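A.B. asks: This is the structure, below, for whatever I ask next.
Values in this text are rule-based calculations from the coordinates and carry no lab data. All figures in this text were calculated on a predicted structure; none of them were measured in a lab. FYI the Cβ positions are ideal-geometry reconstructions off the backbone, even for glycines, and counts take in every protein chain you see.
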Amino acid sequence: MKVKIACIGAGNMGSALMKGAAEAIGGDQIGFADTDKSRARAAAKAAGAMVFTSNLEAVKTGEYVFLAVKPQVLPTVLAEIAPVLRERIAEGDPAVLVSMAAGWSINKIQAIIGGAGTEVPAAMAPHASVPTVRIMPNTPALISRGCIAIAASGKLPQDKLDTLLKILGSAGLVDKIDERLMDAVTGLSGSGPAYVCQFIEALADGGVLAGLPRDKALRYAAQTVMGTAAMVLETGRHPGELKDMVTSPGGTTIAGVAVLEQAGFRGAVISAVEAAWKRSGELG
């Protein structure tokens, strides 16, 4: 049975994207493969999808093959599925690979699949034969509020790309980007939810220190972050301008802002993004 999407990896991100994809194309068009069979079954149940017996079955079956595995695991998975991918190329029915592994370039993925001395027809250049897409989603895709950057190889037909954009759009904002910037995206929006959660937790802790009950402090902190983010997006105003709107001369907010500046708050955030960006490059 052919399906639209075969997802190798049933972790948080793969599951989140497939749950959104099910809303766009139907769960019966999606299948999961994972070494942890119980995790694959749980992800499939949540999306109304099926479970493959192996990665090879997944690659033989899917029009789009999502590689939802960690960068450290990707080489093993690619080596396993490469022969089947090459068979599909030779048959004129190539699968579209969609990788979300940090640091792994399209060229590197295609080179491993093509491989030297393989049985790919001579007329097909191995490194250009496998339509490959690189994406970097983030965890808010779990609630269809994700930010998904996408870069595609030149061999991907426009109709295939359009379908993929529609599928991913069910999980949040999708934005096409030059692949050379993908590591920077990883450091910012890919890793960013962790930084934001740390800020929300710290903001709530501050509220508790000031006397608020824990549940209210956390709710107020999360709503403040969500509302402020929406204000940036919907007004189009610079965050500095919106900050100035609430910092009255000699007031409470400027007193707090001064403490953040003294503690190097903005510099720490910038350094966090930089560190994640560099690490993404190392993983590739």
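A.B. asks: How much length would be gained if the chain were fully extended between Val259 and Ser38, taking 0.36 nm per residue of separation minus their Cα-Cα distance, in nm to one decimal? Walk me through the numbers on the way to the answer.
C.D. replies: Values: separation 221, 0.36 × 221 = 79.56 nm, distance 4.82 nm.
Extra length from Val259 to Ser38 when fully extended: 74.7 nm.
A.B. asks: Ok, one more. Past 25 Å, Cα to Cα, is the threshold; run Lys37/Lys108; Lys70/Lys278; Lys155/Lys278 against it and keep the listed order.
C.D. replies: Working: Lys37/Lys108 29 Å; Lys70/Lys278 17 Å; Lys155/Lys278 28 Å.
Flagged as over cut-off: Lys37/Lys108; Lys155/Lys278.
A.B. asks: Next question. Using alpha carbons only, how many angstrom separate the centre of region 129-196 from the centre of region 1-31?
C.D. replies: 15 Å
A.B. asks: Check cross-link reach from Lys60 to the aspartates and glutamates: straight Cα distance under 19 Å, and skip same-chain residues fewer than eight apart.
C.D. replies: Within the straight-line limit of under 19 Å, Lys60 reaches these aspartates and glutamates: Asp28, Asp34, Glu80, Glu87, Glu91, Asp93, Glu119.
A.B. asks: Sticking with the crude label model, points 7 Å out along Cα→Cβ, report the distance from Asp244 to Val269 in nm, one decimal please.
C.D. replies: 1.8 nm
A.B. asks: Determine the gain in length on full extension of the stretch Leu181-Glu234; use 0.36 nm per residue of separation and subtract their C-alpha separation, reporting nm with one decimal. The partial results should precede the final answer.
C.D. replies: Working: separation 53, 0.36 × 53 = 19.08 nm, distance 2.49 nm.
My answer for the length gained is 16.6 nm.
A.B. asks: Taking every DSSP beta bridge with both residues inside the chain, roughly what % is antiparallel (nearest 5)?
C.D. replies: Around 15 percent antiparallel, to the nearest 5.
A.B. asks: Take Ile254, Ile81 and order them by how many other Cβ atoms sit within 10 Å, fewest up front.
C.D. replies: Values: Ile254 14, Ile81 23.
Ascending number of Cβ neighbours within 10 Å: Ile254, Ile81.
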